[in-house]
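Presented below is the structure to which this report refers.
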Amino acid sequence: MTRTKMLIDGVWVVGEGDAIEVRNPARGSVVGTVSHATPAEVDLALRAARLAFGDWSKRPPVERARLLKRAAHIIRERKSDLGRLMTSEQGKPVNEAVGEISKLADTFDFYAEEATRVFGEIIPNDSNAYQSLVVREPIGVVAAISPWNYPAELIGWKVAAGLTAGCTLVVKPPELTPLSPLAIMECMVDAGLPAGTINMVTGKGSTVGQQMVESDIPDKIAFTGSSAVGLHIQQSLKNIKRLSLELGGNCPMIVTAQANLDQAVKGAARRSFRNCGQICIAINRIYVERAAYEPFLEKLAAAADSLVVDDGLENPDADLGALCSQEPLDKTKQHLADALERGARLVAGGRAPDAPGLENGLFFRPTVVADCSHDMKVMTEETFGPLVGVTAFDKHAEAVRMANDTPYGLASYLYTKNMDEMRYYSRHLDYGNVAVNNVDAGIISAPYGGWKQSGIGVEHAREGLLEYLNYKHVRLCFDEDALQ
Ligand code: TAP
């Protein structure tokens, strides 16, 4: 099997390191190989980005925007192939993968449009002889590192915002899903991105990623991944750099007795089980006001049982495909066993699907456990699998206390039709995102980031672009008297 090449300084290189096999988690078969980048190759990529920065950062924004729009167009043209490639390495059903590719193209278009709207400010001084200009300039070289659950989008947020700002990048895709990110790089090269502006080196985070973090070349690290690795990255920096960390979550949903129960159940099933729960903003735990508790549980169990779990290549519109690797599957089973041992009630799932043809894949049915308490892992740790815990509450203050009882602060969800409840909960939930009567907490046009151990900085929106820019204060002194 030929190795898929890495992109360094505009050249596709095989790489001199060991081969890494990429597997289809639905079948266990090898779908491709990539190289483990050597330290010299990582260094070459970082140096190429540094060299390319001079030209790229000086180009007029409209020119950078034109290239990003062309990349968006090419990505859309190739979305079916890119989607199938993603499914073959990540496991999500093809329709979902193609949807992710479309959102990636939208991200490029969004930031291409923002490119020409990076304004500065004019600030009056104490004396009329002076004026302060505040201008924004690109930070420099960015090392971008991202995980496997959304192989295209999470890289896209960094690449689109970074390139728009005038930065150059070296990207390390996840070891489990490097093929679709490399194919996206091909789109960018075909769009005409100059050599060195965007580079991609493959390999393990603990070596390739760590080298990028420790190198003194990048001016910024843009990282999405677990809180443990995010903290490790923060602690391993060897010089001062800008840092964005988009980290883990442990996201609560609150359903009051005033909610539209059918809508709440639909939202709960979607955000607990989409992408097999392997999403940082997945609903991990649900608190339901006691009057609505049993009806909600009954409907959620039925909704979970109705979801189709299948090989995502064979069945593009399945609801759930395979989990991406053994690790989230094992964690799901551990959290389920822990909950049942501590007295939770299994109301849906709890096992692998029994359909023929799925025996070699990493599949698990969407699973709901009820009557949970806060000593269970399902309620306090991020499962990152198709498992959700549910419990009842009596007082709104109690629901807020339980929802906030976590070191994380990424996203929270509320279902109610009562305006006072909307106001109360959205004010008291300690989260970077609160979605009310919907479960789409992250949209490209609004800032998206976590509080507490869920990270620092934001992605998406104008604010996500500002993360790649430095302020420069230019203080001007005029001499109007000389004109008299
Ligand atoms: P991690 O293990 O943290 O890996 C994320 C990335 O970091 C991978 O590319 C990994 O490389 C790399 N990495 C690992 N060790 C590194 C090191 N020492 N230095 C530099 N890079 C290193 O996360 P994961 O388990 O793959 O992803 C799931 C986690 O990501 C969850 O906690 C989830 O909540 C979080 N997540 C957060 C968000 C947002 S927006 N907040 C979005 C998606 C996911 P390899 O994989 O190649 O080893």
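The values are calculated or read from the model by the stated rules, or taken from the named source; none is laboratory data. Here the structure is a predicted model, which is why all the values come from computation and not from measurement. Don't worry about glycine lacking a Cβ; one is built from the backbone with ideal geometry, like all the others, and counts go over all protein chains shown. With ligands, DNA and RNA removed, areas are computed over all heavy atoms of the protein, side chains included. Shrake-Rupley method; radii C 1.70, N 1.55, O 1.52, S 1.80 Å.
The phi torsions of segment 118-126, fed into the Karplus equation with coefficients 6.51, -1.76 and 1.60 and a -60° offset, translate into couplings of 8, 9, x, 9, 10, 10, x, 9, 5 Hz, rounded to whole numbers, with Gly and Pro shown as x.
Across the alpha-carbon atoms of segment 296-391, the computed radius of gyration and Dmax are 13.3, 40 angstrom.
Looking at the chain, identify the longest residue range that excludes and avoids all chymotrypsin sites (Phe, Trp or Tyr not before Pro) in DSSP loops having at most 16 other Cβ atoms within 10 Å. The longest such stretch corresponds to 120-477. Extension gain, ALA19-SER206: 0.36 nm per intervening residue step, less the Cα-Cα distance, totals 65.7 nm. The aspartates and glutamates within cross-link reach of LYS417, meaning a Cα-to-Cα straight distance under 16 Å and a gap of 8 or more places when in the same chain, are ASP262, GLU289. Residues within the reach of a label modelled at ASN470 (point 7 angstrom out along Cα to beta-carbon, backbone nitrogen below 16 Å), restricted to segment 117-158, are 134-143. Here's the list of aspartates and glutamates a cross-link from LYS220 could span, going by alpha-carbon distance under 15 Å and ignoring same-chain residues fewer than 8 apart: GLU137, GLU246, GLU459, GLU467. Return, ordered by residue number, the residues of segment 183-227 whose backbone nitrogen is under 17 Å from a label point located 7 Å along Cα→Cβ of VAL11. Output list for this probe position: 194-202.
Return the Rg/Rh ratio of segment 40-191 with Cα-based radii and a Kirkwood Rh. Rounded to two decimals, Rg over Rh is 1.08. Overall dimensions of segment 251-436, expressed as equivalent-ellipsoid semi-axes from the Cα gyration tensor (√(5λ), whole Å, largest first), are 27, 16, 15. Relative contact order of the chain: 18 percent, from C-alpha pairs under 8 Å at least 6 residues apart in sequence. Using 27 Å as the Cα-Cα cut-off, could you pick out the over-long pairs in LYS69/LYS172; LYS238/LYS472; LYS158/LYS238; LYS103/LYS299; LYS58/LYS172; LYS266/LYS452? Distance filter (> 27 Å) returns LYS103/LYS299; LYS266/LYS452. What FRET efficiency would be calculated for the residue pair ARG342, ASP262, taking the C-beta separation as r and a Förster radius of 30 Å, to the nearest 0.05? Here the calculated transfer efficiency is 0.50. Antiparallel beta bridges, as assigned by DSSP with both residues in the chain, represent about 45 percent of the total such bridges. If the chain linking GLU463 and SER127 were pulled fully straight, counting 0.36 nm for each residue of separation and taking away their Cα-Cα distance, it would gain 117.7 nm. Computed from backbone phi with θ = phi - 60° and the Karplus coefficients 6.51, -1.76 and 1.60, the 3J(HN,Hα) list for segment 209-215 is x, 4, 4, 4, 5, 7, 5 Hz; x is used for glycine and proline. For the chain, the Kirkwood radius over C-alpha pairs fed into Stokes-Einstein at 20 °C and 1.002 mPa s yields D = 91 µm² per second.
Estimated purely from DSSP H runs of n ≥ 4, each contributing -39500 (n - 2.57), the mean residue ellipticity at 222 nm for the chain is -12000 deg cm²/dmol once divided by its residues. Spacing of the modelled spin labels on ASN437 and ALA302, each 7 Å from Cα toward Cβ, amounts to 2.3 nm. In order along segment 318-326, phi translates into HN-Hα couplings of 4, 7, 10, x, 7, 5, 6, 8, 5 Hz, rounded to whole numbers, per the Karplus curve 6.51 cos²θ - 1.76 cosθ + 1.60 with θ = phi - 60° and x for Gly and Pro. Within the accessible surface of the chain, defined with a 1.4 Å probe on protein heavy atoms only, the carbon and sulfur portion equals 51 percent.
Projecting each Cα onto the charge dipole of segment 303-373 (Lys/Arg +1, Asp/Glu -1 at the beta carbon, about the Cα centre), which of ALA339, ALA322, LEU358 comes out farthest on the positive side? So the residue we want is ALA339.
For the residues MET376, MET422, a 1.4 Å probe over the protein chains yields an accessible-area ranking, largest first, of MET422, MET376. Counting only protein heavy atoms and a 1.4 Å probe, the chain has 41 square angstrom of accessible area per residue.
For segment 1-79 versus segment 191-245, the inter-centroid distance based on Cα atoms is 15 Å.
Length gained on full extension, VAL31 to SER80: 15.9 nm, using 0.36 nm per residue less the C-alpha separation.
In loop segments of segment 1-55 as defined by DSSP, the GluC sites (Glu not before Pro) with at most 12 further C-beta atoms inside 10 Å of their C-beta are GLU16. Relative to its residue count, segment 424-484 spans a Cα convex hull of 186 Å³ per residue. Using all pairs of distinct alpha-carbon atoms, the Kirkwood hydrodynamic radius of segment 355-433 works out to 14.9 angstrom.
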